[in-house]
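**Q** What follows is a structure written as structure tokens; I'll ask about it next.
The values are calculated or read from the model by the stated rules, or taken from the named source; none is laboratory data. Fair warning: this is a prediction, and the values are worked out from it, not measured in the lab. Cβ placement follows ideal geometry from the backbone for every residue including glycine, while neighbour counts extend to all protein chains displayed. For the accessible areas, the whole protein counts, side chains as well, though only heavy atoms, and no ligand, DNA or RNA atoms are used. Shrake-Rupley method; radii C 1.70, N 1.55, O 1.52, S 1.80 Å.
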Amino acid sequence: MLASISATTINPRQNNIPLIQSVKKNRNVTSLRIYARQAALVAEPPSPHKTQNRTARLAESLLNFVHLHFDAPTNNSSYAGHGREIVDRRHKMADPEAPIMSPKEDISAKWNEIHTSDRYENLLSPLQPWLRREIVKYGEFAQATYDAFDFDSFSEYCGSCRYNRQKLFEKLGLSKNGYEITKYIYAMSHVDVPRWLERSHLVDTSWSKDSNWMGYIAVSDNEETKRLGRRDIVVAWRGTVAPTEWFEDLQNKLEPIDESGGEVKVEHGFRHIYTSKSETTRYNKLSASQQVMNEVKRLVKLYREKGEAVSLTITGHSLGGALALLNAYEAAETISGLPISVISFGAPRVGNVAFRDKLHKMGVRTLRVVVKQDLVPKAPGIMLNESIKKFEEITGNLDWVYTHVGAEIKVDVRSSPYLKRKFDLLGFHSLETYLHLVDGLVSSESSFREHAKRDVALVNKACGMLVDELRIPENWYQLEHKGLVKNPYGRWVKPTRDSEDVPSLHHINETPCPPCLD
């Protein structure tokens, strides 16, 4: 079970066995099974008693999981040999005069349907065009948390946002959505989480030794508010840099969601990222939870006093999807009468049955987008999850079982003619892969949408999932010259940031009125 292989068992960084990396290089189920058996052999050296240790059992679980959940790549006759057709279709999508998103429409009445029903009935199969557009919109808000994040470990600002909040949407081409950022969110953790919290190599001059930029809060402007029929507050949470980063150290331990205890339990590591704070830090004297809730409550109060209908939509990918659920739970408990929706992508399970039931009872609407081939949504609880609920009479109280929340949209990598048929752990989990598949989705029974608008080249931002015929380089999204510039003397150096883009405590303490009301 990938999610349970901790640093104390099989750790690729400790020269035991490069399990995940080895699996990533292989292309079929047979190879995956071989590597799982190799993991079991490494984890369990021969002994007279042949006692199987915990790591060996986990490796065997991985073998079983691979056997049960992965289909071997096949030569699809409708795919092979159609390189010219793929290129032609892509050229139609790449028309410089064609919009890259479906047209906006007034959805004020339609969106209210979601908040007056238990689920997204009659909207998902087939997927309604207006809902598809909104899902992509919120997914792009989540993608912005990656595109604007400073991953460069040689940067003195590693772990921060590259742009100030007034500039971020403009730089990333998201101003068209009609939202303006009001606040940035920073997070830390007292538990051992992997490289998502890795510090800069220049620790002594780093902007922060303890915190990372974790997302932002935005609010719809007047025009977008009219289209939606409400003032929409958005919280976008960033995920990990790559899925393997938290597979190794995921705590896989349920604990009460708050200090009062009780039956509602959530994963230990997710909760600590959301709630950790320290007086000795610069950016996390308040936890991510406190930062986001202070701003959301301020905005709700501001707009309600103006007589407006207000809603909260929370989005995130991977770890960000987990934090979105914790955020939704707290908001529903704290602010009465506020319609709350969660739209997540590739999110893991977060809590137990009681957590799921409490979210439903509080009226939180959750829509999870899941790529069939992605491992992350299968964890934690690969073996023990909501599927055993039918045995509840035998097992008793299931407060120890991880459970997904809400409605699910499942998309399949094999549905797109633009994607390679290969095992690619990073590519399956990439948010851009998710957005591409959602944009082409009609229903599970239909082929990829012929008139999908979104530029297919975006898929290869951080992976290599696109077929070679498209001639889109892998991992193409990076700073020009990897961030180096020529100084006046002709030497290549790391540039200094514009002063307005340098992380500042002002970003934490300011509480401006949203610009759209100025």
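**Q** In nm, to one decimal, how far is the Ser443 label point from the Arg471 one, both placed 7 Å along Cα→Cβ?
**A** 3.9 nm
**Q** Within straight cross-link reach of Lys494, meaning Cα distance under 24 Å, which lysines are found once same-chain residues fewer than 8 apart are removed?
**A** Correct list for Lys494: Lys167, Lys171, Lys209, Lys461, Lys482, Lys486.
**Q** Residues with amide H under 5 Å of Lys253's amide H, sequence separation 5 or more or different chain, H placed in the peptide plane at 1.01 Å from N; which?
**A** Placed amide hydrogens put His268, Gly269 under 5 Å from Lys253.
**Q** With the crude spin-label approximation of a point 7 Å out along Cα→Cβ, what separation in nm comes out for Leu479 versus Lys297?
**A** 3.8 nm
**Q** Would you list, by chain and number, the lysines whose Cα falls below 23 Å from the Cα of Lys265, excluding same-chain residues fewer than 8 positions away?
**A** Those lysines meeting the cut-off are Lys253, Lys277, Lys358, Lys361, Lys378, Lys389, Lys390.
**Q** Which of the GluC sites (Glu not before Pro) across segment 288-317 are loop residues per DSSP, with 14 or fewer other Cβ within 10 Å?
**A** Passing both the DSSP loop test and the Cβ count: Glu308.
**Q** Could you pull the accessible area for Trp476 with a 1.4 Å probe, rounded to 10 Å²?
**A** Its accessible surface works out to 90 Å², give or take rounding.
**Q** So, one more: Amide H neighbours of Val342 under 5 Å, at least 5 residues apart or on other chains, H built in the peptide plane: list them.
**A** Answer set, sorted by chain and number: Ile314, Arg365, Thr366, Leu367.
**Q** Between Asn122 and Glu105, what is the label-to-label distance in nm when each label sits 7 Å out along the Cα-to-Cβ direction?
**A** Label at Asn122, label at Glu105, 1.5 nm between them.
**Q** Right, next: Kindly sort Tyr477, Tyr489, Tyr138 by accessible area of their heavy atoms, largest first, with the probe set to 1.4 Å.
**A** Final ranking, largest accessible area leading: Tyr489, Tyr477, Tyr138.
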